[in-house]
Amino acid sequence: MTDEHAERFTQLRPLLFTIAYEILGSATESDDVLQESYLRWADVDLSTVQDTKAYLAQLVTRQSLNALRAQSRRREDYVGPWLPEPLLLETGNHSDASADIVLAESVSMAMLVVLETLSPDERAVFVLREVFGFSHDEIASTIGKPSAAVRQMAHRAREHVQSRRKRFEPVDPKLSTEITARFFTAASTGDLDGLIEMLSSDVVWTADSDGKVSAARRPVTGAERVAKLVIGLIRLAGESGRVEPAMYNNAPALKLYLGDSFEGVITVEVTDGRISHFYAMRNPDKLTGVDIPREISR
């Protein structure tokens with residue numbers, strides 16, 4: 001390991017973390033991938049590296065794919081829906097990430113959930129091509145497939161994502177935060193009609209708990225059902241419960257507490273001025289790193 005190894009890796013770390021997170025949907029596993037990649041990078045003869053960015057992106061992608069395949073095997077016994085880990089952005093990086101529309105969409109909960117429906121190779125191809133702009137030849141070298149096969153894979157993955165994800169329309173973070181705050185204020189008063197007015201008719205509540213804590217094991221859909229669920233949660237929390245506003249994955253969120261116990265993060269998606277999806281992370285294994293700010297880039 002030389003100072004130059006460390007300098008090159010550190011300079012590209014936000015990009016490399018973002019690649020790993022978008023492939024894995026896990027910030028803690030992405031940290032592990034970067035650590036393993038760094039150790040491998042330390043043994044590389046720098047005189048043989050023509051393009052540091054491409055080389056490190058290739059290294060991190062391969063490690064991410066190995067981790068994703070292992071993760072897929074573990075997920076066979078997962079209880080209920082699986083959601084990505086909430087991502088807390090560094091304060092100074094948040095405005096930059098929000099201004100970059102492609103980057104903001106790529107780390108949104110909605111996009112990450114769609115990416116979960118792709119195969120590991122398709123997911124890597126989509127992320128590297130659509131988000132980071134790597135060439136088909138560079139991606140082919142990364143995943144060990146012919147360039148022609150990568151082109152076909154990229155086309156299929158793009159069509160798949162587009163069919164499941166509406167065209168991303170930037171939402172004013174301030175407006176989204178205001179809508180979210182109004183909604184939970186209304187929920188605390190039990191104003192069912194007021195809540196329904198702030199929800200899309202096809203709103204969805206998805207909770208990830210892996211059966212380790214109490215949570216809906218299937219998505220709840222429809223404005224009235226979701227509104228009643230939220231009111232019920234607020235009542236259940238009672239006087240000992242509280243929520244703290246936050247921002248995760250470039251979207252407004254709430255951190256939930258019962259007394260001094262941290263219970264989860266709810267990330268909110270706003271579409272056309274109404275809340276369209278709640279992503280409730282309740283799995284304690286996925287909450288250990290939610291207070292660690294991370295820098296992303298592309």
*Which percent of the accessible area of the stretch 158-246 is formed by carbon and sulfur heavy atoms (probe 1.4 angstrom)?*
51
_Checking the cross-link filter: which lysines have an alpha carbon closer than 18 Å to that of Lys286, excluding same-chain neighbours under 8 positions apart?_
Lys212, Lys255
*Residues whose placed amide H lies under 5 Å from that of Thr271, excluding near-sequence neighbours*: Ser276
*Selection of chymotrypsin sites (Phe, Trp or Tyr not before Pro), the stretch 1-108, meeting DSSP coil and at most 16 other Cβ within 10 Å*: Tyr78, Trp82
*Quick one: which residues, 5+ away or cross-chain, put their amide H under 5 Å from the amide H of Val49? H built at 1.01 Å from N.*
none
*What percent do you get for the relative contact order of the chain when only Cα pairs under 8 Å and 6+ apart count?*
23
*Just tell me which lysines come within less than 28 Å, Cα to Cα, of Lys53; anything on the same chain fewer than 8 places away is out.*
Lys145
_Heavy atoms of the protein only, probe of 1.4 Å, neighbouring chains included. What is the accessible area of His277 in Å², nearest 10?_
30
_Rolling a 1.4 angstrom probe over the protein chains, ignoring ligands and nucleic acids, what is the accessible area of Leu192 in square angstrom, nearest 10?_
50
*GNM, the chain, Cα, under 10 Å: largest mean-square fluctuation among Ala124, Ala215, Ala157?*
Ala215
*How high is the relative contact order of the stretch 112-176, given as a whole-number percent (alpha carbon pairs under 8 Å, six or more residues apart)?*
34
*May I ask you to give the solvent-accessible area per residue for the chain, in square angstrom, as obtained with a 1.4 angstrom probe?*
48
*Given Cα pairs under 8 Å that are at least 6 residues apart, what percent is the relative contact order of the stretch 190-293?*
29
*When DSSP assigns beta bridges and you keep just the ones with both residues in the chain, what percent turn out antiparallel, to the nearest 5?*
75
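The values are calculated or read from the model by the stated rules, or taken from the named source; none is laboratory data. Keep in mind the model is a prediction, meaning the values are calculated, not measured. For neighbour counting, all protein chains shown are included, and Cβ atoms are generated from backbone atoms with ideal geometry for every residue, glycine included. Surface accessibility is based on the protein's heavy atoms, side chains included, excluding ligands, DNA and RNA. Shrake-Rupley method; radii C 1.70, N 1.55, O 1.52, S 1.80 Å.
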